[in-house]
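Since the structure comes first, as structure tokens, the remarks are kept for the end.
The numbers here are math on the coordinates, done by the rules we state, and not lab data. Computed from a prediction, not measured in an experiment: that's the story for all the values here. All Cβ positions, even for glycine, are placed from backbone atoms using ideal geometry, and neighbour counts span all protein chains on display.
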Amino acid sequence: MIQQPGTSGLIFNEPLLWDKSRNGRCAISLPKSDVERDLLDENLTGDSPDLPQLSELDVVRHYTRLSQWNFGVDSGMYPLGSCTMKYNPKTNEVQASRQGFASAHPLSGDEFSQGALKLMYNLEQSLCQITGFPAVTLQPAAGAHGELTGMLIIHAYFAKKGKQRSKIIIPDTAHGTNPASAALCGYIPVNVKSGPMGILEPETIAAIMDEDTAGIMITNPNTLGLFEANIKKIAEIVHSKGGLVYGDGANMNAIMGIVKPGEIGVDVLHLNLHKTFSTPHGGGGPGSGPVAVNKVLEPFLPIPRIVKELDTYKFITDCPDTIGKIHTFYGHFGIMVRAYAYILSMGAKGLTDASKLAVLNANYIKESLKGTLNLPYDRPCMHECVFNDEFQAKNHITTVDMAKRLLDYGFHPPTIYFPLVVHGAFMVEPTETESKEDIDQFIDAVKAIAGEAEEDPEKLKKAPLLTKVTRLDEVAAARKPCLRG
Ligand SMILES: *Cc1c(COP(=O)(O)O)cnc(C)c1O
């Protein structure tokens, strides 16, 4: 195998702590108790709990080994399309763990939370500048939650006008959460096909946009990694029938400092702080999906809202048209600290450069691999590029076989079988933080795997071969997880 980061080397087996336990082993020595035994609560004097008995080294090795089974952005390239798995500078973690931030309590009251409120206010202002909108709420806890908030705002807007609408247009290149968010608000998602270039054509929208349609949800850049270049024209069509344009801005990493969605016809937009602005995405951890709106929609934003009066910051709830609260307190504050630290440390030029590099890296991969994997939409891409397994089909090798084999070469696989518009999709998002050397290794690995598809397809069908567990029955593994190493 060519030189790659992945080796089969030291991957340890590791039993449960209870299996490692040996009577009498102990990691700490406690001072002798000076409390008389019969003074202790009855509940505490019964049988000792069944805790494993272990030395300090047993415990250290146990957790260190478990941590090494994990793969993260800090261990290697993680080109998971649509997820922006970029490296997040450690300083942002340091800022979020500062005592004043980490111990802030949401019930302390405005007076004792001026620093936290100022940070949130300033973050809102920065996101306004980046997106080109006049107002932002930081409350939603994730991208899909931001979509729901945006849809509730659209719903409230039509309710206020006195005439609710029943449908919403959703292109086939939208993120899968979009139709779900619209449906949760009672709208019927109307699917539209993108054109041969992989983007929407104004005529398609003009043909279906009517006065019973609340608007359109556009993911831009879309899930093919392409910029919806006709968005202004499409927004005009939607607006001319009284509709609104929802922008899914989870892919903002491609356009920071280059395009302001608020200036190209979008009325309401969500961002994923846990993609573009420093918090890692995935693992089910807390996220943040701020929603930005134009002036017309501002009165509907969730409460509380933060205002600045002279040099004082405070929450206000007196907003008659608000959709109400959509999260306890004010959302996930720790994620906001990371995002603010990231924005300040990058500066306007740094953010713009990050987007340019993310786009450059994706195009470099697209050009380098397009003879190796089939590229259904061969045009300049944004932050990600989407291939499929058409070239390998003659050897009965599919996308999942190649994705699994990448594990043997030391890479997290890309996103597979999404977006649905590309059959057998293999969707690569390198992000700006990977170096050319790492990207070249990834390209070499994919080329090597394509070679194996020709020469030894049987072996590829069994991949991964070097990992701790080899090919799993994924359905069974999800239902009956094996928790023993
Ligand atoms: C990730 C993503 C979402 C959903 O964000 P979550 O935080 O996972 O809910 C929505 N739209 C797009 C385009 C995305 O990439």
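Model label sites at ARG379 and ASP473, defined 7 Å from Cα along the beta-carbon direction, differ in position by 4.5 nm. With a threshold of 31 Å on the Cα-Cα distance, the over-threshold entries among LYS356/LYS462; LYS20/LYS468; LYS295/LYS325 are LYS356/LYS462.
From most to least packed by mean Cβ count within 10 Å, the peptides 89-95, 306-312, 166-172 give 166-172, 89-95, 306-312.
Placing a pseudo-label 7 Å from each Cα along the Cα-to-Cβ vector at SER21 and ASP444 gives an inter-label distance of 4.8 nm. Each 10 Å bin, from zero up to the one with the longest distance, holds this percent of the alpha carbon pairs of segment 330-390: 21, 31, 23, 20, 5.
Remark: relative contact order (segment 174-308) = 17 percent; criterion is Cα-Cα distance under 8 angstrom and separation of 6 or more residues. Listed by chain and number, the lysines whose C-alpha is less than 23 Å from the C-alpha of LYS167, apart from same-chain residues fewer than 8 away, are LYS193, LYS232, LYS233, LYS241. Extension gain for LYS163 to LYS370 (0.36 nm times residue separation, less C-alpha to C-alpha distance): 69.5 nm.
Counting other beta carbons within 10 Å of each Cβ, put LEU152, LEU301, LEU357 in order, fewest first. Could the numbers behind the result be given before it?
Working: LEU152 19, LEU301 24, LEU357 16.
Taking fewest neighbouring Cβ atoms as first place, the list is LEU357, LEU152, LEU301.
Once C-alpha pairs closer than 8 Å and six or more residues apart are averaged by separation and normalised to the residue number of segment 366-485, the relative contact order reads 27 percent.
When the helices in the chain are scored as -39500 (n - 2.57) per DSSP H run of 4 or longer and the sum is shared across all residues, what 222 nm value do you end up with, to the nearest 500 deg cm²/dmol?
Values: 15 runs with 174 residues, N = 485.
That comes out to -11000 deg cm²/dmol.
Neighbours of ALA403, meaning other residues whose beta-carbon lies under 13 angstrom from its beta-carbon, give a summed charge of 0 when Lys and Arg score +1 and Asp and Glu score -1. Based on Cα contacts under 8 Å between residues 6+ apart, the chain shows a relative contact order of 20 percent.
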